[in-house]
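Written below as structure tokens is the structure these notes are about.
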There are 2 protein chains.
Amino acid sequence: MKVATIRSVAELAGVSTATVSRTLAHPDAVKRETRDRVLEAVRATGYVPNKQAVDFRRRQTRTVILLVRDIANPFYLDIYQGVEEYAFGAGYKVLMGDARHDEARIRHYVEMVRKKQADGLILMTGSMPQTAEMQPLPPTVIALETIAGLSLPTVAIDNSAAARSAVQHLLDLGHRQIAHITGPLIELMNQKRHEGYLAALTAAGIAPDPQLTRSGTFRLDSGRHAVRSLLHDQVPFTALFASNDEMAVGAISELRASGRRVPEDVSVVGFDDIVFADAVDPPLTTVRQQRRIIGAKAMAMMIDLLEGRGGTARTELVPTELVVRGTTARLAQSTRRKLSLTERA
Amino acid sequence: MKVATIRSVAELAGVSTATVSRTLAHPDAVKRETRDRVLEAVRATGYVPNKQAVDFRRRQTRTVILLVRDIANPFYLDIYQGVEEYAFGAGYKVLMGDARHDEARIRHYVEMVRKKQADGLILMTGSMPQTAEMQPLPPTVIALETIAGLSLPTVAIDNSAAARSAVQHLLDLGHRQIAHITGPLIELMNQKRHEGYLAALTAAGIAPDPQLTRSGTFRLDSGRHAVRSLLHDQVPFTALFASNDEMAVGAISELRASGRRVPEDVSVVGFDDIVFADAVDPPLTTVRQQRRIIGAKAMAMMIDLLEGRGGTARTELVPTELVVRGTTARLAQSTRRKLSLTERA
DNA sequence: CTGTTAGCGCATTCAA
DNA sequence: TTGAATGCGCTAACAG
């Protein structure tokens with residue numbers, strides 16, 4: 001089937017293609033009468049401007065790549081939603097790219113910008129190849145990550161403060177022996193969360209016990225493993241802070257398997273507030289990251305960057321929020337007594 | 001910063017732009033010596049072909065739109081992964097569009113194909129506006145859905161057989177009073193699942209009790225509501241089949257709240273095998289849909305369609321699989337006795 | 001095997 | 001206010 005082009009419209013309306021173009025882009029630069037004739041011809045032909053040609057001509061793609069660590073992680077879905085929503089409104093498209101911790105894939109997506117398949121890059125990976133051929137960097141915004149050696153517009157949360165509030169909640173409930181399952185500590189984000197944990201304890205006059213910290217991988221199983229290892233080492237604890245919800249869920253499952261109840265015997269706090277945090281039983285107390293807002297903000301910064309309102313590399317903080325649900329409870333007297341006995345023994 | 005074009009490469013190599021183009025696209029249609037000179041010039045200039053120009057010239061976008069009902073549903077994420085993976089390998093891009101049960105949004109994404117922003121459409125919505133201006137339809141593949149009045153290449157599962165296997169599992173465990181929480185029955189998919197449920201019962205010589213069927217919305221809460229309404233109506237049941245996992249999780253949570261244990265008092269089977277099916281406690285018995293495979297297959301069909309190996313509108317079935325985990329158990333003697341007493345009373 | 005030519009569909013000068 | 005002319009960057013006839 002033949003698609004109408006600007007030429008066919010121009011011929012039908014008896015004007016030049018330039019006038020058709022103008023009528024559609026700047027209607028008030030065209031005499032009323034001409035405009036009506038053109039619009040009528042547009043209607044008659046069913047003409048729809050070929051966006052590919054328009055974008056080519058304007059040397060823009062109106063496409064942004066959202067590059068994430070792992071596309072299968074629902075966490076990024078919410079981010080994507082925020083990005084897409086904002087982009088949709090502004091007439092942009094969003095391509096989600098899966099980095100998979102694979103340099104080649106990352107490189108591929110960065111290359112897409114050079115190949116004019118996208119205008120910019122929202123990075124949610126912890127790294128980026130910085131070879132010479134990657135220079136200069138495309139318009140880039142970073143979300144929730146930090147990339148060593150790069151200073152770019154960033155939307156972030158205060159990981160340390162967020163972790164601290166989670167641990168403070170446990171302290172407020174009377175807990176003193178609080179374990180931490182961290183994320184991979186190579187990443188600054190996870191170091192920050194651990195710092196927050198330590199800071200909360202220290203501020204409460206508790207000397208952090210290194211035995212209480214176990215490092216995980218963010219995967220559910222690593223939450224299980226961490227608990228198993230804590231129990232194996234017979235480290236007493238009445239509460240546990242996990243640096244993400246999946247590990248928290250894994251931890252709870254392992255605690256149960258060992259005969260401990262949550263929250264009666266052990267309180268658990270997660271991080272992220274993923275979709276299922278509210279659905280597990282009991283519903284998970286956790287630190288909420290407003291992912292859609294984070295996504296939308298990143299896209300907004302991206303558009304600023306692309307459309308010249310760039311400003312300098314600033315960082316915008318999105319607030320987090322502790323959501324108290326069913327996995328945390330006041331430290332029970334009995335537990336407290338039992339533990340003191342254990343300690344004395 | 002200036003980007004090298006094919007012209008600059010041609011000048012540096014002392015050849016025509018056509019030769020540069022050829023060298024890159026059909027290397028062996030070029031004399032060895034020339035080729036080397038061109039490649040050297042490419043290296044020297046850091047030339048990368050402008051994909052936008054290439055695609056424009058070839059009137060293709062190498063982009064496919066994956067249009068889903070609700071982008072926030074992690075279910076589609078796995079589909080997306082399958083689609084993206086296959087597309088990545090074939091040099092295609094994938095744009096995920098959010099239909100949100102909104103005709104206007106659907107129309108928008110269908111329009112994108114007409115505007116040459118995408119080559120084709122993978123539909124995962126239950127409907128599609130079929131106004132005159134939407135004709136003719138763009139290259140379209142349907143996944144896991146059926147759209148009334150449209151006969152298009154489709155990748156599907158056998159919903160009826162899958163549901164039947166789930167219910168058969170419950171029958172095998174000795175259950176006779178099996179409830180079904182359906183998805184929205186306007187959709188063929190959900191009718192089919194309900195048919196499978198009925199067929200399994202009938203084949204086992206059980207007359208289905210309409211009271212045991214409750215319709216849900218696929219959302220977690222509707223699982224809760226369905227159970228609440230079953231209990232309120234005092235319909236006895238020892239097992240429950242939910243047409244998706246979220247409703248199953250909601251149902252379990254409500255069963256627990258009412259003092260019933262899963263699976264000791266009530267067995268539960270879900271549908272989908274979403275990421276969290278394995279993480280809830282106890283892990284959910286469910287029907288697995290191989291979503292990545294479904295996605296990949298849909299993309300494969302799309303490419304066939306676009307690249308002319310189209311064939312006719314065929315349907316490919318992807319097998320499902322019952323995954324037995326912890327929420328189903330043999331009907332307990334005690335329960336059986338209690339129920340008979342109830343029935344007699 | 002290579003160069004010349006001719007667009008793809010559109011937006012944007014520049015003149016009129 | 002409008003039209004003619006130009007070219008974005010590239011590929012694909014066609015001729016040589």
Exercise. What is region B:14-101's relative contact order, in percent, from Cα pairs under 8 angstrom and six or more apart in sequence?
Worked result: 26 percent
For this session: For an R0 of 35 angstrom, estimate the FRET efficiency from the Cβ-Cβ distance between A:Arg58 and B:Ala18 and round to the nearest 0.05.
Result: 0.85
Exercise. Out of residues 5 or more away from A:Thr213 or on other chains, whose amide H comes under 5 Å of its own, with H placed 1.01 Å from N in the peptide plane?
Worked result: A:His180
Seminar exercise, completed: HN-Hα couplings for region B:51-64 via Karplus (6.51, -1.76, 1.60; θ = phi - 60°), in whole Hz with x for Gly/Pro, come out as 4, 4, 5, 4, 5, 4, 4, 8, 6, 8, 10, 6, 10, 10
For this session: Please give, to one decimal in nm, the separation of the simple spin-label points placed at A:Asp209 and B:Gln211, each 7 Å out from Cα toward the Cβ.
Result: 5.6 nm
Exercise. Most exposed first by the Cβ proxy, i.e. fewest other Cβ within 10 Å, how do A:Phe237, B:Phe75 rank?
Worked result: A:Phe237, B:Phe75
For this session: Using the 7 Å Cα-to-Cβ label point, sort the distances from B:Ser16 to its equivalents in the other copies shortest first and give them in nm to one decimal.
Result: 3.1
Seminar exercise, completed: Mean projected area (nm²) from the convex hull of Cα positions in chain A is 22.9 nm²
Problem set entry | Charge dipole magnitude, Cβ of K and R +1, D and E -1 - region A:62-220, Cα centre, debye nearest 20 | 160 debye
Exercise. How far is A:Leu231 from itself in the other copies, in nm, if each label sits 7 Å out from Cα along the Cα-Cβ line, shortest first?
Worked result: 2.9
For this session: From other protein chains only, count the Cβ atoms within 10 Å of every residue's Cβ in B:49-57, then give the mean.
Result: 5
Problem set entry | region A:3-19 - phi-based ³J(HN,Hα) in whole Hz, Karplus 6.51/-1.76/1.60, Gly and Pro as x | 9, 5, 10, 4, 5, 5, 5, 4, 5, 4, 7, x, 10, 8, 4, 4, 5
Seminar exercise, completed: Between A:Arg309 and B:Glu321, the two model label points (7 Å from Cα along the beta-carbon direction) sit apart by a distance in nm of 5.1 nm
Problem set entry | Gain upon complete extension [B:Thr202, B:Leu173; 0.36 nm per residue less C-alpha separation] | 8.8 nm
Problem set entry | By average C-beta atoms within 10 angstrom, highest first, the peptides A:148-159, B:243-254, B:92-103, B:281-292 | B:243-254, B:281-292, B:92-103, A:148-159
Exercise. Can you list residues whose amide H is under 5 Å from A:Leu322's amide H, if they're 5+ apart or on another chain and H is modeled 1.01 Å from N?
Worked result: A:Arg288
For this session: Report the label-to-label distance for A:Phe88 and A:Ser151 in nanometres (one decimal), using points 7 Å from each Cα along the Cα→Cβ vector.
Result: 3.8 nm
Exercise. Each residue of region B:27-44 in turn: what ³J(HN,Hα) in whole Hz from Karplus with 6.51, -1.76, 1.60 and θ = phi - 60°, glycine and Pro shown as x?
Worked result: x, 8, 9, 10, 5, 3, 5, 4, 4, 4, 4, 5, 4, 4, 5, 4, 4, 4
Exercise. Semi-axes of region A:1-72's equivalent ellipsoid from the Cα gyration tensor, sqrt of 5 times each eigenvalue, largest first, rounded to whole Å?
Worked result: 32, 14, 10
Exercise. What FRET efficiency, computed as 1/(1 + (r/R0)^6) with R0 = 60 Å and r the Cβ-Cβ distance, is obtained for B:Gln234 and B:Val48, rounded to the nearest 0.05?
Worked result: 0.30
Exercise. So what's the angle, to the nearest 10 degrees on a 0 to 90 scale, between helix A:291-306 and the longest Cα principal axis of chain A?
Worked result: 40 degrees
Exercise. Placing a label point 7 Å from Cα toward Cβ, how far apart in nm is B:Pro184 from its equivalents in the other copies, listed shortest first to one decimal?
Worked result: 4.0
Seminar exercise, completed: With a ≥ b ≥ c from the Cα gyration tensor eigenvalues, square-rooted, and the rule rounded for a/c under 1.5, otherwise prolate when a/b > b/c and oblate otherwise, region A:133-259 is prolate
For this session: Take the alpha carbon atoms of region B:118-178, find their center, do the same for region A:56-105, and report the distance between the two centers in whole angstrom.
Result: 27 Å
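Each value in this text was obtained by applying a stated rule to the coordinates, not by laboratory testing. This structure is a prediction, so every number in the text was calculated from the model and none was measured. Cβ: placed from backbone, ideal geometry, glycine included. Neighbour counts: every protein chain shown.
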